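All remarks here apply to the structure that follows.
The values are calculated or read from the model by the stated rules, or taken from the named source; none is laboratory data. Predicted model only: the values in this text are computed from it and were never measured. When we count neighbours, we look across all protein chains shown, and the Cβ atoms used for this are built from the backbone with ideal geometry, even at glycine.
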Amino acid sequence: MRALVELRDPVAIAIAAVTGLAALSFGHSLPIIGGAIALVLLVRVGAGMALRERTARVVAPLATSQNQAHWFAPLTPREADVAVLIRDSTNKEIAERLVLSERTIDNHVQNIMNKLDLHHRAQIASWVTERNRPSLPPKP
């Protein structure tokens, strides 16, 4: 399934098309052109899947690596992952990074706003920052 997501990548399609055109301009036969296009797509899909797997492993611990247990309550762990990424990413970018649909991310954002009684994405980012700020020791 993840390979299908990677095949929808317009950059991969563009690179494969340019490769095919270049092979055609050099006078290569159709089997060689097809093989070159398939190889480009295979490498691009493999690299994309490896990158997604690596970033998924990096994103998941964000919610659980804190010293405080369940800093993200009342959110679910997945909603917490989305909330952490909201500050610097669009819903589409979050969806790509977490290998979810954009609609699922829309739902998570709406659920986060409802649970926290917030009205803007910036408020979610502020909430995450506030929850993850190291607490200062009390003054003597």
Q | Members of the range 102-127 found to be basic (K, R) and surrounded by fewer than 15 Cβ atoms within 10 Å (Cβ to Cβ), listed by number | A | R103, K115
Q. Checking K92 against (1) more than 30 Å from G20 (Cα to Cα); (2) surrounded by fewer than 16 Cβ atoms within 10 Å (Cβ to Cβ); (3) at pLDDT 85 or above, which single condition isn't satisfied?
A. (1)
